[in-house]
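The values are calculated or read from the model by the stated rules, or taken from the named source; none is laboratory data. These figures come from a predicted structure and were not determined experimentally. Virtual Cβ from ideal backbone geometry, glycine too; neighbours counted across all protein chains shown.
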Amino acid sequence: MKKTIAVLPGDGIGPEVTDAAVKVLQSIAMRYGHTFHLKHAEIGGAAVDQFDNPLPQQTIDVCEASDAILLGAVGGTKWDANPAHLRPEKGLLNIRKHFGLFANLRPVKAVPALLSSSPLKEEVAKEVDMIIVRELTGGLYFGEPKRRSEKAAVDTLVYTREEIERIVTQAFEIARTRRGKVTSVDKANVLETSKLWREVVEERKAAYPDIEVEHMLVDSAAMKLITDPRAFDVMVTENMFGDILSDEASVITGSLGMLPSASIRSDGFGLYEPVHGSAPDIAGQNKANPAAAILSAAMMLKHSFGLDTEAAAIEKAVMGVLEDGYCTGDLAGNGKRVVSTDQFVTKVVEELEREFVSEHIMYS
Ligand code: NAD
Ligand code: IPM
Ligand code: MN
């Protein structure tokens, strides 16, 4: 298979974890006979520095000419005082909006080898297997008016029926491929947008009689995510609730550095990026956990290219390295062997090779 992938490393640990994902993609290409044409482009603070724009036109052009986008992370203190249009985060919001990537899929799966690394008790964290379906191109992030004066500031929370329908439908479809349960998270006891959200979920569920549906208020969901995370299968929610709840859910796995994501639209095109940010506190130190970026690349192979076997091989290789007791500093403790970002990736690539050889070469 021949595919073009736009690679947007961004800022902080973004380039380190993106390099890691690229090494894994190269290994997959070599072993499974694919051609991945990687096209590098700037986004975020790196793009502000070079082009005075967090999402320059040339980056959009590269992405438009690609089959999928792999992104690292954006942001950093250097740009924190910039006006809104020159903030790295604006580049990320703009690329999501430009490509209509309304569905952000954030799977959260407990890793057996990391159960002792989670701050949650093992019996609470074990066997968690859920996915947060976060609406990504609406809500408070994009609503107008959005402005500030000396004395006040305004952000607008707006959702149209159509925006809610398409994300809720996506969640129902995903639930059909899983355990068949959707938890819709809102604040319908206070917010008008949430009341509309709940109505739409109730309407859509008629088309999915096989799916169990529950509504949960976001404050209560935040609590339940920590006390009883196995109660969730598919959680669907609006943009900001999904942002916050997914960072919270990452503690189940032991580290934010474990959570991948896919931002997709209906035709299979997608942007794949870790849930975490640019981690300025550890940037440039070869310490970042590359698992989230590597697993995001696996999501790309599966969702955008239909390469399920290759995606599964990557997941298995990452889990294998963790089971062998290796991890990066964010997961240190409990007798684990802490390795650098580079060493972790080397181990994943070795594991991929071992798997490939055992599946494709037979002795008799
Ligand atoms: P963050 O996710 O960057 O970091 C939070 C904590 O988690 C830090 O202690 C960091 O060291 C740790 N961490 C994150 N990813 C890790 C990894 N792969 N390996 C090991 N440790 C990891 O969040 P923050 O510190 O609140 O934000 C820093 C910057 O990142 C801000 O500018 C923010 O706007 C930006 N940000 C970007 C994205 C994105 O690009 N998608 C997401 C979140 C935050
Ligand atoms: C994320 C990030 C972004 C978001 C920021 C950097 C704009 O936190 O991808 O989770 O809030 O969507
Ligand atoms: Mn976030």
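In the set (1) in contact (Cβ under 8 Å) with a residue 60 or more places away in the chain; (2) in contact with a helix residue (DSSP H, G or I) (Cβ under 6 Å, 6 or more places away or on another chain), the condition left unmet by F344 is number (2).
What pairs come out if I take residues in segment 66-94 that are farther than 22 Å from N239 by Cβ and part of a loop (DSSP other than H, G, I, E, B) and pair them with residues that are basic (K, R) and away from ligand 2 (no atom under 11 Å from the Cβ) whose C-beta lies under 8 Å away, six or more apart or interchain? Short answer, once both residue conditions are applied: S66/K39; D67/K3. Can you tell me which residue in segment 75-126 is nearest to ligand 3 (Cβ to nearest atom), limited to those that are within 23 Å of A291 (Cα to Cα) and polar (S, T, N, Q)? Within segment 75-126, the match that is nearest to ligand 3 (Cβ to nearest atom) is N104.
Can we say H303 is within 13 Å of ligand 1 (Cβ to nearest atom), in the same structural domain as L38 (by TED's automatic domain parsing) and not acidic (D, E)? Reasoning before the result, please.
Numbers: within 13 Å of ligand 1 (Cβ to nearest atom): no; in the same structural domain as L38 (by TED's automatic domain parsing): yes; not acidic (D, E): yes.
So H303 does not fit the description; no.
The residues in segment 242-291 that are near ligand 3 (Cβ under 10 Å from one of its atoms) and among the charged types (D, E, K, R) can be counted, and the count is 2. Pairs under 6 Å by beta carbon, first residue in contact (Cβ under 8 Å) with a residue 12 or more places away in the chain and part of a helix (DSSP H, G or I) in segment 238-257, partner aromatic (F, W, Y) and within 8 Å of ligand 2 (Cβ to nearest atom), six or more apart or different chains? Pairs that qualify, where the first residue is in contact (Cβ under 8 Å) with a residue 12 or more places away in the chain and part of a helix (DSSP H, G or I) and the partner is aromatic (F, W, Y) and within 8 Å of ligand 2 (Cβ to nearest atom), are N239/Y141. Close contacts from segment 202-226, counting a first residue that is under 15 Å from E165 (Cα atoms) and a second that is surrounded by 13 or more Cβ atoms within 10 Å (Cβ to Cβ) and among the acidic types (D, E), with Cβ to Cβ under 7 Å and a gap of 6+ residues or different chains, come to R204/E165.
Of the residues contained in segment 279-293, one or more are found to be out of contact with any Pro (no Cβ under 8 Å at 6 or more places or on another chain), β-branched (V, I, T) and within 16 Å of ligand 1 (Cβ to nearest atom). Within the set A21, A47, the sole residue that is modelled with pLDDT of 95 or more, in contact with a helix residue (DSSP H, G or I) (Cβ under 9 Å, 6 or more places away or on another chain), part of a helix (DSSP H, G or I) and under 23 Å from L259 (Cβ atoms) turns out to be A21. Across segment 221-243, a minimum of one residue is classified as surrounded by fewer than 24 Cβ atoms within 10 Å (Cβ to Cβ), within 11 Å of ligand 1 (Cβ to nearest atom) and closer than 20 Å to I95 by Cα.
Might you check whether a residue that is away from ligand 3 (no atom under 16 Å from the Cβ) and assigned to a helix (DSSP H, G or I) occurs anywhere in segment 208-219? Yes: segment 208-219 contains one or more residues that are away from ligand 3 (no atom under 16 Å from the Cβ) and assigned to a helix (DSSP H, G or I).
Of the numbered criteria (1) buried (at least 24 other Cβ atoms within 10 Å of the Cβ); (2) within 12 Å of ligand 2 (Cβ to nearest atom), the one V17 fails is (2). Among the residues of segment 62-104, those that are within 14 Å of ligand 1 (Cβ to nearest atom) and under 26 Å from T177 (Cα atoms) comprise I69, L70, R96, L101, N104. Among the conditions (1) surrounded by fewer than 19 Cβ atoms within 10 Å (Cβ to Cβ); (2) more than 23 Å from T35 (Cα to Cα); (3) without any contact (Cβ under 8 Å) to a residue 40 or more places away in the chain; (4) touching an Asp or Glu at 6+ places or on another chain (Cβ under 8 Å), the only one that V321 does not satisfy is (1).
From the list N82, N104, pick out the single residue that is among the polar types (S, T, N, Q) and closer than 30 Å to L38 by Cα. Give the steps one after another, and end with the answer.
Numbers: N82 fails: closer than 30 Å to L38 by Cα.
N104 is the lone residue from the list that is among the polar types (S, T, N, Q) and closer than 30 Å to L38 by Cα.
Counting only residues that are more than 11 Å from E238 (Cβ to Cβ), within 24 Å of the chain's Cα centre (by Cα) and of a type in the set (K, R), segment 166-203 holds 5 of them.
The combined condition, being assigned by TED's automatic domain parsing to the domain that holds P15, within 15 Å of the chain's Cα centre (by Cα) and β-branched (V, I, T), is fulfilled by V275. Look at segment 135-163: where a residue is at positive phi and a partner is of a type in the set (A, V, I, L, M, F, W, C), sitting 6+ places away or on another chain with Cβ atoms under 9 Å, you get G139/L157; G139/V158; G139/M240; G139/F241.
Of all positions in segment 165-176, none carries a residue that is over 20 Å from F102 (Cβ atoms) and either modelled with pLDDT of 95 or more or not assigned by TED's automatic domain parsing to the domain that holds G242 (or both).
Scan segment 263-283 residue by residue and report those that are more than 13 Å from ligand 2 (Cβ to nearest atom) and surrounded by fewer than 17 Cβ atoms within 10 Å (Cβ to Cβ).
Start the filter on segment 263-283 by keeping residues that are more than 13 Å from ligand 2 (Cβ to nearest atom), which leaves 264-270, 281-283.
Result: S266, D267, G268, D281.
Residues in segment 333-364 that are surrounded by 14 or more Cβ atoms within 10 Å (Cβ to Cβ), hydroxyl-bearing (S, T, Y) and more than 21 Å from A297 (Cβ to Cβ): 0 in all.
When you look at G75, is it away from ligand 2 (no atom under 16 Å from the Cβ), at positive phi and assigned by TED's automatic domain parsing to the domain that holds D308, yes or no?
Here the answer is no, as G75 does not meet what is asked.
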